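Since the structure comes first, as structure tokens, the remarks are kept for the end.
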Amino acid sequence: MIVRDLNEANNSTRRVVSPDGNWESTRMLLKDDNMGFSFHITTIYKGADFRMHYQNHLESVYCMSGTGEIENLEDNKVHPIKEGTLYILDKHDKHILRAHTEMKMACVFNPPLNGKEVHNKEGAYELA
């Protein structure tokens, strides 16, 4: 059994802050936990507006608080995000995430992250 506390994880190396200043992520469950996915609590800062394209990972994101929007760059549809919204990037979707307010998100990645990843120039995480 694995038991972790978010407050303790926030004060450890599990907390990663993006170099571009758009987000921070506390990686609660990682590849070395051998669960087949990783689980993160991520804060998207108010005013963030950035492109992502997870070429190597699938992601599911649940908004716990805040408001924003996600734009699918394949069809240019914009979807509002608010508390209770779940979006799933099941096709390695190219997208833009915009935060109207600070957003707290619960994120699951498959395959799991190692823990220190930040977005590359394509907006993706590299595979280990």
Would you kindly find the accessible area of LYS46, with a 1.4 Å probe and non-protein molecules such as ligands, DNA and RNA excluded, rounding to the nearest 10 Å²? 150 Å²
When only C-alpha pairs under 8 Å and at least 6 residues apart count, what is the relative contact order of region 1-124, in percent? 31 percent
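What does the charge add up to near LYS91, with Lys and Arg as +1, Asp and Glu as -1, over the other residues with Cβ less than 13 Å from its Cβ? Working shown, then result.
Working: positive: LYS94; negative: GLU59, GLU74, ASP75, ASP90, ASP93.
Cβ neighbours under 13 Å give a net charge of -4.
Around GLU8, with a cut-off of 15 angstrom between Cβ atoms, what is the net charge of the other residues, counting Lys and Arg +1 and Asp and Glu -1?
Taking every other residue near GLU8 into account, the sum is +3.
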What length, rounded to one decimal in nm, is gained on full extension from ILE88 through to ASP75, with 0.36 nm per residue of separation minus their alpha-carbon distance? 3.1 nm
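Which whole-number percentage describes the relative contact order of region 42-90, with Cα contacts under 8 Å and a sequence gap of 6 or more?
On the way: 52 pairs, mean separation 18.9, N = 49.
The normalised contact order for region 42-90 reaches 39 percent.
Helix-derived [θ] at 222 nm for the chain: sum -39500 (n - 2.57) over DSSP H runs of at least 4, divide by residue count, nearest 500?
Numbers: 1 runs with 5 residues, N = 128.
Dividing the helical sum by the residues of the chain leaves -500 deg cm²/dmol.
Can you give me the accessible area per residue for the chain, using a 1.4 Å probe, in Å²? Mind dumping the intermediate values first?
On the way: 7170 Å² over 128 residues.
Result: 56 Å² per residue.
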Using the scaling law 2.2 N^0.38 Å as the reference, what is the normalised Cα Rg of region 1-112? 1.05
Under a 1.4 Å probe, counting only protein heavy atoms, ILE70 has an accessible area in Å², nearest 10, of 10 Å²
Give the total of Lys-Lys pairs in the chain with Cα-Cα distances below 27 Å; include a pair only if its members are 8 or more places apart or on different chains. 27
Beyond 15 Å, what share of the Cα-Cα pairs of region 52-128 remains, rounded to the nearest whole percent? 56 percent
How charged is the neighbourhood of ASP20? Take every other residue with its Cβ under 13 Å from the Cβ of ASP20, and add Lys/Arg as +1 and Asp/Glu as -1. 0
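The values are calculated or read from the model by the stated rules, or taken from the named source; none is laboratory data. All values reported here derive from a predicted model rather than from experimental measurement. Quick reminder, even Gly has a Cβ in these numbers, built from the backbone with ideal geometry, and neighbours come from all protein chains shown. For accessibility, only protein heavy atoms count, side chains too; no ligands or nucleic acids. Shrake-Rupley method; radii C 1.70, N 1.55, O 1.52, S 1.80 Å.
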